[in-house]
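What follows is one structure encoded as structure tokens, with my remarks underneath.
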Amino acid sequence: DLPQERRVIDKGDLAQAVRAGMSTPGLLASADWNGKRAMAPGPDKPFLINEARSLGLGPVVVLDARAKSEVDDNELDGVDIVIRPDLSSFGILDFDKCTEIMFRGKIATMKKIMEIKHLVGLPVESTQ
């Protein structure tokens, strides 16, 4: 067993931070972060909500792309908005379908855009 240290990446290159957050043992290799190996939090704690809140940056919005069978809404306590794209027709190894998967994420986000704007204090346009 390797020693594990939980760390919130709160500065540096955003692309590297996102890549580190995608790392999954046996699927996507860990990423290098300042000379250390970094990876996603793991199935025991997929969302670091308290850690995000502790940064004091504002509302916490989560894009939950897990299969419905994996969803435990208790893990999302404290989240302001949850975005759940319909990914039921995709598998964990469908890397070749990433364009469609991202499109579904965009659709799900757009369905919540008024709620997000309201949450962060942006003007909400009338739909009339």
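The values are calculated or read from the model by the stated rules, or taken from the named source; none is laboratory data. Please read all numbers here as calculations on a predicted model, not as lab measurements. Ligands, DNA and RNA are stripped out before the accessible areas are found, and what is left, the full protein with its side chains, is counted by its heavy atoms. Shrake-Rupley method; radii C 1.70, N 1.55, O 1.52, S 1.80 Å.
A few comments on the model shown:
- Spread over its residues, the convex hull of the C-alpha atoms of the range 70-128 is 119 Å³ per residue.
- Residues whose placed amide H lies under 5 Å from that of residue 33, excluding near-sequence neighbours: 38
- Using a probe of 1.4 angstrom and keeping all protein chains present, the accessible surface of the range 47-128 works out to 74 square angstrom per residue.
- Solvent-accessible area, 1.4 Å probe, carbon plus sulfur percent, for the range 49-128: 57
- Amide hydrogen neighbours beyond the local backbone of residue 63, cut-off 5 Å, H modeled: 83
- Cross-link partners of residue 97 among lysines, defined as those whose alpha carbon lies under 30 angstrom from its own and excluding same-chain residues fewer than eight positions apart: 45, 68, 106, 111, 112, 117.
- Once backbone amide H atoms are built at 1.01 Å from N, residue 23 has 40 as its partners under 5 Å, excluding neighbours fewer than 5 places away on the same chain.
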